[in-house]
Amino acid sequence: MTAKISRFLDEVQPPTPCLVVDLDIIRDNYLSIRRWLPLAEVYYAVKANPESAIVAMLAGMGSNFDVASPAEIDLCLAAGAAADNISYGNTIKKKVDIAYAHAKGVRLFAFDSEAELEKLAEVAPGSRVFCRILMTCDGAEWPLSRKFGCEVDMARNLLIRARDLGLDPYGVSFHVGSQQTDLAQWDIAVGKTAMLFTALNEAGIDIRMVNLGGGLPARYRTDVPGVDRYAGAIMDAMTRHFGNNLPAMIIEPGRGLVGDAGVLESEIVLISRKGYDEDVRWVYLDVGKFGGLAETMDEAIKYRITTPRDADAAGPVCLAGPTCDSADILYEKAGYHMPVTLKVGDRVRILTTGAYTSSYSSVNFNGFEPLKTYVI
Ligand SMILES: *Cc1c(COP(=O)(O)O)cnc(C)c1O
């Protein structure tokens, strides 16, 4: 929690729930990624928080952008990014959307299948393309699983086919899983990528870029190593597997850039117990899974939560949102404790909510409005 956010919340007392994002933190995070990974070009994963003030500031600092849809392309262009600085990193695109991106000047595209490659060849001819390889995402708190990527032998054949289809087989990408807490995962990924480079070079393909994806963490309930440690692990892996012949590098931080920059303020709507003998209080907030806290699914992301009564004794709680869907429970098993003096109407602050919150909030479930964001 920065002094700037805390002052804003105290002075303005905006209606809850609301998200307050401090641009200074994002600027610092961007600079420290640049500082520790100077050889990698940063492509901000816009889906993490698509507020145009964030995109505009990053564009002004020289960032590039990883997008997933025409609307994200328009957002980046309107915020001052050039088409040259945009990567269409979604491996699942409609042909009309690829054509739209191409018409806007985007020339860098991801794929992980033959069918996607054929769409790209048809409506984005000559573009640079990179193939995403499959990762297990072990160690990630928000794994991206088997939905994305293909096996290395398939990636080899597809990148050769890309050349034959008139595309530029430019690189290889992976994503080790979001909120990745195991630094060794990058070594596995870079090792696979280097093997693929060798196979492609033997096939006469001038493959020349590694896209390191996302995975840089934010600080939730459990502490994580600093970006310097992540950068060290990544560069060790790169030099171990590529030696002096380093390819161009791209990194696509989402969570690691904006997660720490946000605080979500929420009001307690109800505190109750399920029976006279129950110790556990149920604390219902005015924000839940549908209001932006979707990453509490399976209690995967465990946010730190502060209250105005944190000096008092605490007892066990289950935390839930305000909607009429029983899936709208935030934490039942994660062992949250809150002050026993907590009252209905108290405001609580959910920390490190800058990433994957406002962009996940539903438009109107049960009549609740989408999460309002203040960028300061
Ligand atoms: C979501 C996404 C990212 C960002 O991942 P984080 O773990 O939030 O940094 C990067 N690259 C791609 C292709 C993504 O889909």
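Structure notes:
- Integer Hz, Karplus 6.51/-1.76/1.60 couplings in order for the stretch 52-65, x for Gly and Pro: 5, 5, 5, 4, 5, 5, 5, 4, x, 8, x, 6, 9, 9
- Residue 293 long-range amide H proximity, modeled H, under 5 Å: 288
- Chain lengthening between residue 332 and residue 3 when straightened (0.36 nm per residue, less Cα-Cα): 115.3 nm
- Counting only lysines at least 8 places from residue 95 when in the same chain, those with an alpha carbon closer than 23 Å to its own are 47, 104, 119, 147.
- Estimated at the nearest 10 Å², the accessible area of residue 372 is 110 Å² with a 1.4 Å probe.
- The simple spin-label model puts a point 7 Å past each Cα toward its Cβ; for residue 244 and residue 222 those points are separated by 4.1 nm.
- Of the three principal axes defined by the Cα atoms of the stretch 83-146, the extents in descending order read 39, 25, 17 Å.
- Area of residue 356 that stays accessible when all protein chains are in place (1.4 Å probe, Å², to 10): 20 Å²
- Computed from Cα atoms alone, the Kirkwood hydrodynamic radius reported for the chain is 21.8 Å.
- Residue-by-residue Karplus 3J(HN,Hα) for the stretch 188-194, coefficients 6.51, -1.76, 1.60, Hz, glycine and proline x: 4, 5, 5, x, 4, 4, 5
- Computed over the alpha-carbon pairs of the stretch 63-175, the distance histogram in 5 Å steps reads 2, 13, 24, 22, 19, 13, 6, 1 percent, short to long.
- Student exercise, the chain dipole from Lys, Arg, Asp, Glu Cβ charges, in Debye to nearest 20: 340 debye
- For residue 178, residues with placed amide H under 5 Å, excluding near neighbours: 142, 144
- Whole-number accessible area per residue in Å² for the stretch 244-371, which is evaluated in the context of all protein chains at 1.4 Å: 44 Å²
- Using only alpha carbons, the stretch 260-375 has a radius of gyration to Kirkwood radius ratio (Rg to Rh) of 0.94.
- Of the accessible area of the chain, computed with a 1.4 Å probe over protein heavy atoms only, carbon and sulfur atoms account for 51 percent.
- Each residue of the stretch 221-229 was assigned a 3J(HN,Hα) from its phi angle through the Karplus expression (A = 6.51, B = -1.76, C = 1.60, θ = phi - 60°), giving 5, 9, 6, 10, x, x, 4, 4, 5 Hz with x at Gly and Pro.
- Choice from 146, 107, 132 with maximal GNM fluctuation in the chain (Cα, 10 Å cutoff): 146
- Taking 340, 227 and ordering them by how much accessible surface each has at a 1.4 Å probe, largest first, produces 340, 227.
- Estimated from helices alone, the mean residue ellipticity of the chain at 222 nm is -9000 deg cm²/dmol (sum of -39500 (n - 2.57) over DSSP H runs with n ≥ 4, per residue).
- A 1.4 Å probe, protein heavy atoms only, puts the accessible area of residue 36 near 100 Å².
- Span per principal axis, largest first, for the Cα atoms of the stretch 135-199 (Å): 39, 22, 16
- Computed on protein heavy atoms with a 1.4 Å probe, the accessible areas place 57, 249 in the order 57, 249, largest first.
The values are calculated or read from the model by the stated rules, or taken from the named source; none is laboratory data. Treat the numbers as computed from the prediction; the structure is a model and nothing was measured. Positions of Cβ are backbone-derived with ideal geometry, glycine not excepted, and every protein chain shown enters the neighbour counts. Ligands, DNA and RNA are stripped out before the accessible areas are found, and what is left, the full protein with its side chains, is counted by its heavy atoms. Shrake-Rupley method; radii C 1.70, N 1.55, O 1.52, S 1.80 Å.
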